[in-house]
Amino acid sequence: MPHLFDELELRETTIRNRIAVSPMCQYSCEGKDGLATDWHQAHLGSRATGGAGLIISEAAAVEPRGRISPRDLGIWSREHADALADTTAFVKKHGATPAIQLAHAGRKASTYRPSARSDRTTVAGEDGWTPVGPTAEPYPYDQPLDTHRLSVDEIQDVIDSFREAAEHALDAGFEAAEVHGAHGYLLHEFYSPVTNTREDEYGGDFAGRTRLVREVTRAVRAVWPDDKPVLVRLSATDWMGEENWTVEDTARLAPLLAEDGADLLDISGGANHPDQQIPHTGPHYQVPYAEQVRDALTDTDCAVGAVGAINTAPGADAVVRNGRADLVLQARQNLYDPNFPLHAAEELGVEPPVPRQYRRGF
Ligand SMILES: Cc1cc2nc3c(=O)[nH]c(=O)nc-3n(C[C@H](O)[C@H](O)[C@H](O)COP(=O)(O)O)c2cc1C
C-alpha cells in the first residue's frame, strides 16, 4: 500500500503526495464581484509552499446567483479566470497541483458571510438575490428567502454554466476541477429526497434525482483535458435516516460517476438540512464512508478522498496505508498550520518538500 508521501497519479497528472487542502470559502471578494484578490493568492500560495500535494480552491460559483454570499469567489467569465492566473502559476511553480471547486449554492445562496455583523443569515434587498432549487421550498434559515424552482430548461442553463466555468478554469491554469456535489448545495439538493420532491425526469427515483450531478460531471469532463482529473465532492449521507440519502446510495452512485468521467470522489457528509443528526464528529469521522465508497469502486480507476478531522500525521498516513482512501483532505487543521505537510513529512521520517527560501528553518 502507498503511504502519505507517495505520489498519486490521476490520469496523467502526478500529485506529489496524498495531502490535499480541502476547499475553504474565504468570503474575501471585497468588490462583491467574484473576482479573486491578493488574499486568495496569499492563502492558496502559502498552502503550496506548505507542501500540500493538491490544493483545491474554495467553492467558485459558476454563475452569480450560485454564490453562497456576495463575497464568494466566482468563475463565470474570462475576467474571473485572469484574476486567478497568477495564483495557479505560483502554486504550480512550488510543486503543488491547483484544483478549482466548481460550485452552485442552490437554495442555500444569498446569505451573509459568517463573519458579517448581522443578526440575519440571509441577504434580502440590494445585495441579495433569489436563490434557486429543485423546488420552491426555501432552506429553513431564520429568515427564509423566496426560492425559485428551476424548470427543465433552466436546469440545462445551469449545466451549461458548469461547462463554461470549467473552460474559464482551464484558462486560469487549473490542473484539476472538482464538481461540488455536497453540503446541501444545488447538486446535493437534487440527489437528496429531503430536498427533491420533483416528479419530472430530474426527480422521483434514484436515477431521476442523481441525473443532474451526473450530467454536470459529464459536461465538465467533456471540456476538461484527457490528461487532467475531474473530481466530484459528495455528501455520503444526509444523516437523516434510512429513507433519505445514505452511504449505500453514495456507493451506488460512485461507479456511475466513474463511468461519467470522475477520477476521484471526495467523500464528505451532510449539511443539507438543519435537522441532520451527526452520530459522531471525532477524529476521522467520515473515513468509514470513504472506505465504503472505495469498496464500490474496485472495478474502476476512480480514486477516493477522505475528509473530516484527519488532523495528525500518523493518522493521515494510516488512512492511506490501510487502503481506506487514496488521498486525505484537510481543512481546519490546515488553517491552523499551513505547513502541516512539511511537519508531517518530518514526523514520518520523509524528506519534507521545503522551499529553498525556507530551508534554514527546517
Ligand atoms: C473556513 C471553511 C470554509 C469551508 N468552505 C468549503 C467550501 O468552499 N467547499 C467545500 O466543499 N467545503 C468547505 N468547507 C468544508 C471543508 O472543506 C471540510 O470538508 C470540513 O471542514 C471537514 O474537514 P476538516 O475536519 O479537516 O476541517 C469549509 C470548511 C471551513 C472550515
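The values are calculated or read from the model by the stated rules, or taken from the named source; none is laboratory data. Keep in mind the model is a prediction, meaning the values are calculated, not measured. Neighbour counts are summed over all protein chains in view; Cβ atoms, including those assigned to glycine, are modelled from backbone coordinates with ideal geometry. These area figures cover heavy atoms from the full protein model, side chains too; ligands, DNA and RNA do not enter into them. Shrake-Rupley method; radii C 1.70, N 1.55, O 1.52, S 1.80 Å.
Screening the range 22-45 for residues that are open to solvent by 40 Å² or more (accessible area, probe 1.4 Å) and small (Gly, Ala, Ser) and picking the one that is farthest from the ligand (Cβ to nearest atom) gives GLY31.
A Cβ distance below 9 Å, combined with a sequence gap of six or more or placement on separate chains, defines the contacts here; from the range 301-320, residues that are acidic (Asp, Glu) reach residues that are within 16 Å of the ligand (Cβ to nearest atom) and open to solvent by 10 Å² or more (accessible area, probe 1.4 Å) in the pairs ASP317/ARG18. Taken over the range 289-323, residues that are under 21 Å from LEU342 (Cβ atoms), more than 16 Å from the ligand (Cβ to nearest atom) and of a type in the set (S, T, N, Q) amount to 0. Against the list (1) more than 16 Å from the ligand (Cβ to nearest atom); (2) of a type in the set (Asp, Glu); (3) touching a helix residue (DSSP H, G or I) at 6+ places or on another chain (Cβ under 8 Å), the condition ASP337 fails is (1).
Would you mind finding the one in VAL293, VAL354 that is buried (at least 17 other Cβ atoms within 10 Å of the Cβ) and outside any loop (DSSP other than H, G, I, E, B)?
VAL293
Taken over the range 296-305, the criterion of being more than 18 Å from ASP249 (Cβ to Cβ) and crowded, with 18+ Cβ neighbours inside 10 Å is satisfied by ALA303, GLY305. Entry remark, the range 251-288: residues being within 15 Å of the ligand (Cβ to nearest atom) and either in a loop (DSSP other than H, G, I, E, B) or not hydrophobic (A, V, I, L, M, F, W, C) (or both) number 16 in total. Consider the range 135-182 and keep the residues that are away from the ligand (no atom under 16 Å from the Cβ), in a loop (DSSP other than H, G, I, E, B) and among the small types (Gly, Ala, Ser). The one that is nearest to ARG113 (Cα to Cα) is ALA136. Being within 20 Å of ASN244 (Cα to Cα), within 16 Å of the ligand (Cβ to nearest atom) and modelled with pLDDT of 95 or more is a property that LEU212 lacks. The number of residues in the range 194-209 being more than 23 Å from the chain's Cα centre (by Cα) and either of a type in the set (Lys, Arg) or open to solvent by 50 Å² or more (accessible area, probe 1.4 Å) (or both) comes to 5. The residues of the range 320-343 that are of a type in the set (S, T, N, Q), open to solvent by 10 Å² or more (accessible area, probe 1.4 Å) and either over 27 Å from ARG294 (Cβ atoms) or not in a helix (DSSP H, G or I) (or both), listed by number, are ASN322, ASN339. Selection of first residues in the range 326-350 that are within 23 Å of GLU58 (Cα to Cα) and modelled with pLDDT under 95 and of second residues that are of a type in the set (Ser, Thr, Tyr) and more than 16 Å from the ligand (Cβ to nearest atom), restricted to Cβ pairs under 8 Å at least 6 apart or on distinct chains, gives an empty result. The residues on offer are ILE15, ILE68, ILE55, and the sole one that is crowded, with 17+ Cβ neighbours inside 10 Å and more than 16 Å from the ligand (Cβ to nearest atom) is ILE15.
Of all residues in the range 78-132, which are in a helix (DSSP H, G or I), buried (at least 20 other Cβ atoms within 10 Å of the Cβ), among the aliphatic types (A, V, I, L, M) and out of contact with any His (no Cβ under 6 Å at 6 or more places or on another chain)? Correct list: ALA83, LEU84, VAL91.
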